[in-house]
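The values are calculated or read from the model by the stated rules, or taken from the named source; none is laboratory data. Just so you know, these numbers come straight off a predicted model, no measurement behind them. Using ideal geometry, Cβ is built from the backbone for each residue, glycine included, and neighbour counts are taken over all protein chains shown.
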Amino acid sequence: MTVTFEGLVARARALVPVGGRAILGIAGAPAAGKTTLAEELVAALAKSGPADWVAHVPMDGFHLADVELERLGSRDRKGAPDTFDPLGYAALLRRLREDTDDMIYAPGFERVIEQPIAGAIGVPRAARLIVSEGNYLLLSAGGWQRIRPLVDEVWYADLDQGSRLRRLIDRHVRFGKDERAAVAWATGTDESNAAIIAATRDRADLLVPAALIESIGTPPN
C-alpha cells in the first residue's frame, strides 16, 4: 500500500467519532520528521472545517526543566525517557479524552532556551482531533506504558538513519551548538535514545515512509 499525504489526512479525519474527540500520536526518533508531519497534517485538516477543530499538542512540553535534571544528575542525558514526566503527559491526554473542559492548557517546549513552558498551548472544547507527537509514545515501561491506551492511533515517522542524523546535527547547530558538540550529542545521547525508540517501531499502527517525510521538508524534530 502506497502511503500518501492525502491518505494520511483522510485517515486522521476518519479517527474522529461523531460527537466525540480523537487523539492521534506520531512517534519516531529525534529529527525523524514528527513535528513537521504533525504541523502539516494540522494545517491541512484545519482547511476542512473550523480552524479550531484540530489542535497540535506535542509531548515535548513534558521535558523536565534543567533545574530538576541537575538535581537528579541527569542533565547530560537530557532527552532520555526518564528525563520527561510521562505521568503528567498521560494525565493531560486523559483530560483531553474526557472532553469535559471548555479550555485545557498544555505545556510547550522552547528550543531556543531548551526549556518547557507551562500553559503555552490552549486546546478549546471545539477541538475534535488532537495531534500529539513525541519520541516515546510506544514505549512500554517507565510510566510511558500509560500513553498508548489513551491514543486512538500511533504513526511512526520512519526516516532513514543517515538523513535523520544530518537533520539532527543541523538542528543542534541551528539552536546554538558548535559543529563538534552537535555531532557528539547527536551520535551519543540522541543515538542511544533513537535505539530505544526504534525498538518500538513494530507497535505502530502505521509506518510513515522516509520518502513521504522527505517530501514535506526538513523538520525541526
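Descriptive notes on the structure:
- Taking region 32-48 as the range and being in a loop (DSSP other than H, G, I, E, B) and touching a residue at least 24 places away in the same chain (Cβ under 8 Å) as the test, the residues that pass are A32, G33, S48.
- Long-range neighbours under 9 Å by Cβ, at least six apart or interchain, first residue among the basic types (K, R) and surrounded by 15 or more Cβ atoms within 10 Å (Cβ to Cβ) within region 162-176, second in a helix (DSSP H, G or I) and at pLDDT 75 or above: R164/A194; R164/A210
- Every residue from region 129-149 that is under 17 Å from A91 (Cβ atoms) and either touching a Lys or Arg at 6+ places or on another chain (Cβ under 6 Å) or charged (D, E, K, R) (or both): R146, R148
- Of all the numbered requirements in (1) at pLDDT 95 or above; (2) surrounded by fewer than 19 Cβ atoms within 10 Å (Cβ to Cβ), G49 misses one, and that requirement is (1).
- Region 149-161, subset touching a residue at least 60 places away in the same chain (Cβ under 8 Å) and of a type in the set (D, E), residue surrounded by the most Cβ atoms within 10 Å (Cβ to Cβ): D158
- Cβ-Cβ distances below 9 Å connect the following pairs, each with a first residue in region 95-109 that is without any contact (Cβ under 8 Å) to a residue 12 or more places away in the chain, a second residue that is of a type in the set (D, E) and part of a loop (DSSP other than H, G, I, E, B), and a separation of six or more residues or different chains: R95/D101.
- Cβ separations smaller than 8 Å between residues 6+ apart or across chains give the following pairs from region 188-199 residues that are polar (S, T, N, Q) to residues that are in a helix (DSSP H, G or I): T189/D76; T189/R77; N193/P81.
- Region 6-31, subset touching a residue at least 60 places away in the same chain (Cβ under 8 Å), part of a loop (DSSP other than H, G, I, E, B) and more than 10 Å from the chain's Cα centre (by Cα), residue surrounded by the most Cβ atoms within 10 Å (Cβ to Cβ): A31
- Counting the residues of region 62-93 that are farther than 15 Å from I147 by Cα and either small (G, A, S) or in contact (Cβ under 8 Å) with a residue 12 or more places away in the chain (or both) gives 13.
- Being over 28 Å from R171 (Cα atoms), of a type in the set (A, V, I, L, M, F, W, C) and modelled with pLDDT of 95 or more is true of L15.
- Residue selected from region 149-199 under the condition closer than 16 Å to E114 by Cβ and among the polar types (S, T, N, Q), by the criterion modelled with the highest pLDDT: N193
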